[in-house]
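Data first, discussion second: the structure below is written as structure tokens.
The values are calculated or read from the model by the stated rules, or taken from the named source; none is laboratory data. None of the values given here were measured: they were computed from a predicted structure. For neighbour counting, all protein chains shown are included, and Cβ atoms are generated from backbone atoms with ideal geometry for every residue, glycine included. For the accessible areas, the whole protein counts, side chains as well, though only heavy atoms, and no ligand, DNA or RNA atoms are used. Shrake-Rupley method; radii C 1.70, N 1.55, O 1.52, S 1.80 Å.
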Amino acid sequence: MAAISIGTAEPFIIGGIASLTAECGTFPIDTTKIRLQVQGQVYDEVHREARYRGMFHAFRRITLEEGFRALYKGIAPALLRQASYGTMKMGFYQSFKRLLSPHHCKEGSLPTNVVAGVLSGVISSSVANPTDVLKVRMQAANAIQPRLWTAFHTVYKEEGFRGLYRGVGPTAQRAAVLVGVLMPTYDLTKKLILNYQVMSDHIGTHVCASFVGGLLATVATNPIDVVKTRMMNQRLAMDGRTLVHCDHIYKHSMNCALTVSNISL
């Protein structure tokens, strides 16, 4: 029984450790991404100016104006998010893949892997949404950030429980597409590499498969990611120098997507 329990928990444990490690290494890049996504909003004076011309310019300007530590704003909720989202995403994917495959085999077909990826992505991202909201807001702000619990309490006090689940719709949509593309692409790429004997089954194979899967998943989800970020970051709009409560800048994810598209055009 112990062996079965360990085997069942293994994807969750490995997925959690891998997600936490990756988050620490890529977090500064994620911060520049968030800053680029929230800038240029005509309805919010704080983010109206397009301050950054690209990733490298954002990295340089944030470092010079706010210090290197500013690139790690929001790392606490990000790690908490990965401890839950990353763990569940990998674990549920493997579990759903076995459950949906004939005879519960480890390697499923491509359609089976896509369905398993979508289900695991939606469930894990929805559960972890409050930590994602805190992460996005800390990364987007230029001001000194409060501690994790203080930030959580502030959001809950000012916006209620709904504030912690702001943007959960596009978050689940993004996760469904992300995991639905990433995990099956990873499995397929690794399978092709091994079948055509391009490389043996070692760490280089997994890195190459991860790179292909991550690249395709990022391209596929970026429009949804912009919508998700803007939905999560909105709570109080700036009217001059005064924070005022207002109806949401974006009423829903489709309204956000259309608004961003119209402004960009």
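Listed by position, the helices (runs of 4 or more DSSP H) inside region 129-215 whose residues that are over 23 Å from the mean Cα position of the chain (by Cα) number at least 1 are 148-164, 168-195.
Could you figure out which of (1) loosely packed, with under 13 Cβ neighbours inside 10 Å; (2) under 27 Å from Val260 (Cβ atoms) isn't true of Gly169? Condition (1) is where Gly169 drops out. For Glu10, the criteria (1) more than 26 Å from Met183 (Cβ to Cβ); (2) part of a helix (DSSP H, G or I); (3) among the charged types (D, E, K, R); (4) open to solvent by 80 Å² or more (accessible area, probe 1.4 Å) hold in every case but one, which is (1). Ala209 - would you say it is at pLDDT 90 or above, of a type outside the set (Lys, Arg) and closer than 17 Å to Val136 by Cβ? For Ala209, the condition - at pLDDT 90 or above, of a type outside the set (Lys, Arg) and closer than 17 Å to Val136 by Cβ - is not met. Taking the listed residues Leu188, Leu215, Leu194, the one that is open to solvent by 50 Å² or more (accessible area, probe 1.4 Å), hydrophobic (A, V, I, L, M, F, W, C), modelled with pLDDT of 90 or more and in contact with an Asp or Glu (Cβ under 7 Å, 6 or more places away or on another chain) is Leu194, with no other qualifying. Tell me yes or no: at least one residue of region 41-64 is under 18 Å from Ile144 (Cβ atoms), touching a strand residue (DSSP E or B) at 6+ places or on another chain (Cβ under 9 Å) and of a type in the set (A, V, I, L, M). Scanning region 41-64 turns up at least one residue that is under 18 Å from Ile144 (Cβ atoms), touching a strand residue (DSSP E or B) at 6+ places or on another chain (Cβ under 9 Å) and of a type in the set (A, V, I, L, M).
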